[in-house]
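Quick notes on the structure that follows.
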Amino acid sequence: MTLRDAAQPVLLAEQPYSIRRLTAQDAATLATLWAEMQRHYGKPVTQDVAAGAAAQACAAQQQDGFAPRILVAHAADGSLAGSIVLNVSFPANELSRSLYIRDLYVAAAMRRRGVARAMLRAAAALALAQGFSALDWTAESGNADARSLYSSEGARLLPRVYYRLDAADLRHLVGS
């Protein structure tokens, strides 16, 4: 699979999914998808918050360099099937730039149809086309389906530990 142009559609064996870079025309449907995603993760947001995040994501797509790359998958009926957010990491191996999958989400109604696999492959093609050295990501240790998918696509499990300081932790760390 090649992804010479970010707008080039990617087709699966029996079900076509158009996977391309996010555009301003996707803002409303992306907001709806991301609101669903936040509910799925148990961190619901208002539709206004989701719309603001979608608008910010769309605006960032006008840049390259260190701006995130966001791909969206559209089903044959035009509905938004999923999104993948790719952040630029630097420095990576040998002071190169790599991409980090911050989130891959498939709409509940579109799961088990090959969307996640197609989006992962499109992200890999984008990374190659734009000269990134690697594609990295994390997965919840208890998410057996995601881990199985990633392994089946040839991803290697790295011996790393993932850390986070959330807002409350940040305030504690700086003493405020």
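Just so you know, all these numbers are worked out from the coordinates, no wet-lab data involved. Keep in mind that this is a model prediction, so the values were computed, not measured. We place every Cβ from the backbone using ideal geometry, glycine too, and count neighbours over all the protein chains shown.
Considering only C-alpha atoms, what is the centroid distance from segment 67-95 to segment 43-60, in Å?
Segment 67-95 and segment 43-60 have Cα centres spaced 16 Å from each other.
Under the 0.36 nm per residue contour assumption, what length would be gained going from the current alpha-carbon distance of ALA134 and ASP48 to full extension?
The span from ALA134 to ASP48 would gain 27.5 nm if fully extended.
Relative to the compact globular guide of 2.2 N^0.38 Å, what is the alpha carbon radius of gyration of segment 106-176, as a ratio?
Against the compact-globule rule of thumb, the ratio is 1.47.
Taking only the alpha-carbon positions of the chain and ignoring solvent, what does the Debye formula give for the base-10 log of I(q)/I(0) at q = 0.17, 0.18, 0.19 Å⁻¹?
These q points yield log10 I(q)/I(0) values of -1.21, -1.35, -1.48.
Count neighbours as other Cβ atoms within 10 Å of each site's Cβ, and list the trypsin sites (Lys or Arg not before Pro) in segment 98-161 that are DSSP loop with at most 15 such neighbours.
Sites meeting the loop and neighbour criteria: ARG111, ARG112, ARG156, ARG160.
For segment 24-129, which chymotrypsin sites (Phe, Trp or Tyr not before Pro) pass both filters: DSSP loop (anything but H, G, I, E, B) and at most 15 other C-beta atoms within 10 Å?
Counting only loop positions with at most 15 other Cβ atoms within 10 Å, the chymotrypsin sites (Phe, Trp or Tyr not before Pro) in segment 24-129 are TYR41, PHE66.
Quick one: among THR29, THR46, THR138, which has the greatest mean-square fluctuation in a GNM of the chain with alpha-carbon springs under 10 angstrom?
With Cα springs under 10 Å in the chain, the top fluctuation among THR29, THR46, THR138 is at THR46.
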